Structures are given as structure tokens and as C-alpha cells.
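Asks: Quick one: structure below, then a few questions.
The values are calculated or read from the model by the stated rules, or taken from the named source; none is laboratory data. Quick caveat, the model's predicted, so the values are computed rather than measured. Here Cβ is always computed from backbone atoms with ideal geometry, including for glycine, and neighbour counts include all displayed protein chains.
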Amino acid sequence: MQENLKEEREQAWRVELRGKIKNKDRGLIERVKMPEMNAMKRVCYQDREVNLGLDVQSAVREAQRCMDCVNPTCMEGCPVSINIPKFIKNIERGEFLEAAKTLKETSALPAVCGRVCPQEKQCEANCFYTLKLKKTPVAIGYLERFAADYERESGQASIPETAPKNGIKVAAIGSGPASLAFAGDMIKLGYDVTVFEALHEIGGVLKYGIPEFRLPNKIVDVELDNLEKMGVRFERNFIVGRTASFDDLKAEGYQAFFVASGAGLPRFMNIPGENYNGILSSNEYLTRVNLMNAADDSFDTPVLKGKNVAVVGGGNTAMDSVRTAKRLGADRAMIIYRRSREEMPARVEEIHHAEEEGIEFINLTNPIEYFSDENGRVKSMKVQRMELAEADASGRRRPVVIEGSEYEIPVDVVVVAIGVSPNPLVPSELPQLKVSRWGTIDVDSETMQSSMPELFAGGDIVRGGATVILAMGDGRRAAAGMHQYLSEQNAALANAGQANTSQAKN
């Protein structure tokens, strides 16, 4: 890998490009700012993207900041191992389609990742500017989005090359980012890949969990179309373990399985009044709006709309939920979070956008009880103030109750976004499968292979809840692990067949 990177870096065009601008001058270029739709205008639409993308001039200028480092530490922070310097240098020289092609070498979802990945914690956190110069990093995420969008809008999308078909059938269960990354790598290796999805739409959390103002469905659909053109087959409305069992699929010739069925089981706080009408999980809330078009009056999907909406939690899902509530007409849309602003796990960009849109942050506060009206609809929540003690197991400072600090907040909708648990369907059909006490599948962290040799797993069913890009990294590792496993298995079968033939002749 390192040798290939060095060879590519010494190609004539890269050497020439580095010589055009001195590193000192590159370091003086200010980081680009992402154009955004006006906050007061965008809250009127569920499907209008907040970030508007870079124009050509801005993208090239930002790409010029990249030093094309000898040791590209940025790549160490990328779970799917994108060749970051190569794609950025292609943008700098104006070869935007080549930049997109480079992204597709290792990423099945570049336009998605350019929008929702926490680059500030991954590739950009490992950028030379961050580590050595103590400056703002190269805007790798913005450039990734630019290259992917440019290719799509050009109408000249490249389809990655695939190896000749080897006739081996493999299945992916679930169609979220882990499965899509897995399918993209396996189809390149020549396997016959089918992705089984329980819902009527492909995309998993990309479709039901992330609002269109952050990730438009049409962007996801283009990425899915690319995978189909590569040869990946998608089966919708198909629950493995219900529609067909693992044994049924084995009988159809599937030799190995990648389980990425996600974590869609909502968690609640189990406090008094939590069963009142108007209190729901973020999963249900976002699925109704994002997948089932509840915000569109031409659809008959119901969704609770409130004037005083509280979202409990501080992650990206909480931000998605509270910003959705604002777009559904809430006068007061609030985040209730038991830690301080600094401890919130949501992306800095999402918090910034929420603030611009008028979201109210009530930090160091925790719900302890709900009250209802005469019809059983939630009307208020009792909360108590918290203060921070020493760090807990998560590395964040532990919230402690301030006695006697309780007060009430009027609410008519509450969305609970405090995490999810793994979907239980698949493990229940496989009693021999080793799972943790949390219901996640135990796997080898390098190969993603489970206690059943032919079954691999990744994404939230293993992690219990993580980012899109970490799930994609799992999918890529699982593809490599499964490829090695199947290669060894089929080689062993071939050798056994040859031995039997020799014995028969003798």
C-alpha cells in the first residue's frame, strides 16, 4: 500500500503540480467556507439541502492547500482508505472526473460520505495542517462532495471495473452503508452479490434515518444505481429469517452471508409518563418523515406535529429530529441534554446549523417525569438540572443531579433520541451465533467473521450504533475477510476433489 502511494506521488503530473506553488504559500491560503441556504428560508422545507456545495473555483483553491505529503496521515483517519492526496490533487489540476474515479476505488458512497461523514474527527483530524501547523485542515469532506457531485451532474459517471464472475453467490442482509460498502467490494472481486432489504426502499439508515436537508434521497439513489450497474442485485420486502431462512438461502447456493441488519430497536428512559401519547422514538419520528413522506400532504402517513417539541439527546439523530420538528412547524424546538454543550456527540456543523435555525439548547438538564392532559396527550415534562463530575467510562464528564432543581417545561411532542439497540431478528434464528449481552454480534475485529465461519457482520448490529463511515469500514473489512475465507474454502474443496479423483484412478 505504502509503496503504491509513493509511486503515485512521484508521477510526473504530481511532481509538476507540487512545484507550481511553494508549500509556504499553500499554507497561507484560507480554508474555504461552505455556502449555505439561508436559515430562515430552509426551515420551510424538508427537502432543501442546507449545504450548497463548492463551485469549481473554490474547490480548486481549496485543493491547492493540500501539501501532497510524503506520509499522508489524513488517510490513517479514513475508515474506507480513500486515496485522499490523489483525489485532491486531481481536483487541483482540474481533472474532476479522475478525482471522482479515485474516490470510487475504495468508496461505494462518495457523495453520501462527502455530506454526512464526521471528517473533523477522522481524515481532517489527521491532516498535516491539524497535526503539525495547528491550522484549520484541508476541507477534505467538502472536496469529496464536490468531486462526486461534479461527476453526477456531468452525466459522465464512471462505473468501477469488476473481475470476471467466479460463480460464487454471497448475500448481504440489510441495505445500509455497511452492506453497500460490502457489496461494492465483493462485486469488484467477481462474486454474485444479492442484498436483501426488509423495507420497500433500499438504503437503510441513509433513507429512513437521515433527513433530506442533510442527505437528499436522490443522491442516495444515484449511488445505488451505480452499484446496480456494477451487478449488485437488490431484493426488497425480504426479511431473512421470515421470508426465507438462512438454510433456504444456502439451498439456493449462497455460500456466505454478511449481516448488517442495523440497530433499529429504540431505547427509552423508563420514567413515569413515558407511555403518554405524543412521546415517541427518534426512529419512528424520522422514518415517518424521511421514508414514508409524512411531511408531504399528498401522502397519508400521519406524524405528530407540535408547537412545543422537545428532543431528548445530544447526538446527530437528536439534531436531525429537532431540526425536522422545526420544519414541521414547531414554534419552540428544544434539545434537552444532560451534559454540557462541549460533551455533545453531534457534529459541530449540525449544532451550528441547528442554532442558525432557532433551535433552543437546554443543556445540563434531564427529564424525570411526563404529565398529560385529560386525553392522555403529553402536556409537560418535569426536568432536573445537572452538573458535571469526573469523566465516566465514555470519557465524558459524568452528569450529577442538583438536588431540588426540578422544574417543568410545557411540551406537546417529545422525541427520545438516546440511542438504539440491535435489531433482534437475525440472531434469534441462529442460536449457535455468539452475541454479546447487548445483542450485538461478536466478530473478529480484523475480518468481521462471527462464530459461524460462513457468517460475517458489521455496522450497527456489531457496534450498537455508529457513523455511516465506520459502518462502511466494517463492510470493506468483511468483504476482504469473506474473500479470504471463501478462497480458502473453495481451494480446499478443489484439492479434496483432486485427491478423490487420484484415489479413484489408483
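Asks: Take the conditions under 21 Å from the mean Cα position of the chain (by Cα), touching a residue at least 60 places away in the same chain (Cβ under 8 Å) and outside the structural domain of GLN119 (by TED's automatic domain parsing) and apply them to LEU280. Does it pass?
Replies: When the stated conditions are applied, LEU280 does not pass them.
Asks: Something else: Determine if the range 150-167 includes at least one residue that is crowded, with 16+ Cβ neighbours inside 10 Å and farther than 18 Å from MET230 by Cβ.
Replies: yes
Asks: Here's a follow-up. Take SER445 and decide whether it is free of Cβ contacts under 8 Å to residues at least 60 places away in the same chain and either in contact with a Leu (Cβ under 9 Å, 6 or more places away or on another chain) or under 19 Å from PHE182 (Cα atoms) (or both).
Replies: Considered against the rule, which asks whether it is free of Cβ contacts under 8 Å to residues at least 60 places away in the same chain and either in contact with a Leu (Cβ under 9 Å, 6 or more places away or on another chain) or under 19 Å from PHE182 (Cα atoms) (or both), SER445 comes out as yes.
Yes or no, residue by residue, for (1) closer than 24 Å to PRO110 by Cβ; (2) touching a Pro at 6+ places or on another chain (Cβ under 6 Å); (3) of a type in the set (A, V, I, L, M):
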{"residue": "ILE187", "(1), (2), (3)": "yes, no, yes"}
{"residue": "GLU197", "(1), (2), (3)": "yes, no, no"}
{"residue": "ASP225", "(1), (2), (3)": "yes, no, no"}
{"residue": "ARG233", "(1), (2), (3)": "yes, no, no"}
{"residue": "GLU252", "(1), (2), (3)": "no, no, no"}
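Asks: Let me ask something else about it. Mind checking which pairs have a first residue in the range 457-477 that is touching a residue at least 24 places away in the same chain (Cβ under 8 Å) and a second that is among the basic types (Lys, Arg), Cβ under 9 Å, 6 or more apart or different chains?
Replies: Hits for this filter: GLY458/ARG476; GLY458/ARG477; THR467/LYS121; LEU470/ARG463; ALA471/ARG463; ASP474/ARG463.
Asks: Return the residues of the range 40-66 that are among the basic types (Lys, Arg), farther than 16 Å from LYS135 by Cβ and in contact (Cβ under 8 Å) with a residue 60 or more places away in the chain; say none if nothing qualifies. Even if it seems obvious, please write down each step before you answer.
Replies: At the first step, the residues of the range 40-66 found to be among the basic types (Lys, Arg) are 41-42, 48, 61, 65.
If we keep only those that are farther than 16 Å from LYS135 by Cβ too, we end up with 41-42, 48.
Passing the criteria: ARG42, ARG48.
Asks: I'd like to know if the range 298-306 contains one or more residues that are under 25 Å from GLU403 (Cβ atoms), at pLDDT below 95 and acidic (Asp, Glu).
Replies: To start, the set of residues in the range 298-306 that are under 25 Å from GLU403 (Cβ atoms) comprises none.
No, the conditions are met nowhere in the range 298-306.
Asks: Looking only at the range 126-142, filter to residues that are outside any helix (DSSP H, G or I) and touching a helix residue (DSSP H, G or I) at 6+ places or on another chain (Cβ under 7 Å); which one of those is nearest to CYS113 (Cα to Cα)? Outline the logic, then answer.
Replies: Step one: of the range 126-142, the residues outside any helix (DSSP H, G or I) are 127, 134-139.
From what is left, the residues that are touching a helix residue (DSSP H, G or I) at 6+ places or on another chain (Cβ under 7 Å) are 127, 135-139.
Details: CYS127: 17, LYS135: 23, THR136: 20, PRO137: 17, VAL138: 16, ALA139: 13 Å.
The selected residue is ALA139.
Asks: Looking only at the range 13-39, filter to residues that are among the hydrophobic types (A, V, I, L, M, F, W, C) and touching a residue at least 24 places away in the same chain (Cβ under 8 Å); which one of those is surrounded by the fewest Cβ atoms within 10 Å (Cβ to Cβ)?
Replies: Among residues in the range 13-39 that are among the hydrophobic types (A, V, I, L, M, F, W, C) and touching a residue at least 24 places away in the same chain (Cβ under 8 Å), the one surrounded by the fewest Cβ atoms within 10 Å (Cβ to Cβ) is TRP13.
Asks: Of all the strands (runs of 3 or more DSSP E) wholly in the range 381-433, which have at least 3 residues that are more than 29 Å from the chain's Cα centre (by Cα)?
Replies: Details: elements: 397-401, 407-410, 413-416.
Ranges flagged: 407-410.
Asks: Applying the selection to the range 97-111, what residues are in a loop (DSSP other than H, G, I, E, B) and under 16 Å from the mean Cα position of the chain (by Cα)?
Replies: THR106, SER107, ALA108, LEU109
Asks: In the range 386-394, is there at least one residue being closer than 30 Å to GLU197 by Cα and touching a strand residue (DSSP E or B) at 6+ places or on another chain (Cβ under 6 Å)?
Replies: Checked the range 386-394: no residue is closer than 30 Å to GLU197 by Cα and touching a strand residue (DSSP E or B) at 6+ places or on another chain (Cβ under 6 Å).
Asks: I need the full set of residues from the range 348-380 which are among the β-branched types (Val, Ile, Thr) and either part of a strand (DSSP E or B) or touching a helix residue (DSSP H, G or I) at 6+ places or on another chain (Cβ under 6 Å) (or both), in order please.
Replies: ILE359, ILE362, THR365, ILE368, VAL378
Asks: Of all residues in the range 284-310, which are assigned to a helix (DSSP H, G or I) and under 14 Å from VAL414 (Cβ atoms)?
Replies: Of the range 284-310, the ones assigned to a helix (DSSP H, G or I) are 284-290.
Within the range 284-310, GLU284, TYR285 qualify.
Asks: Could you please find all residues in the range 202-239 being in contact (Cβ under 8 Å) with a residue 60 or more places away in the chain and over 20 Å from THR317 (Cα atoms)?
Replies: Residues satisfying the conditions are VAL222, GLU223, ASN226, LEU227, LYS229, MET230, GLY231, ILE239.
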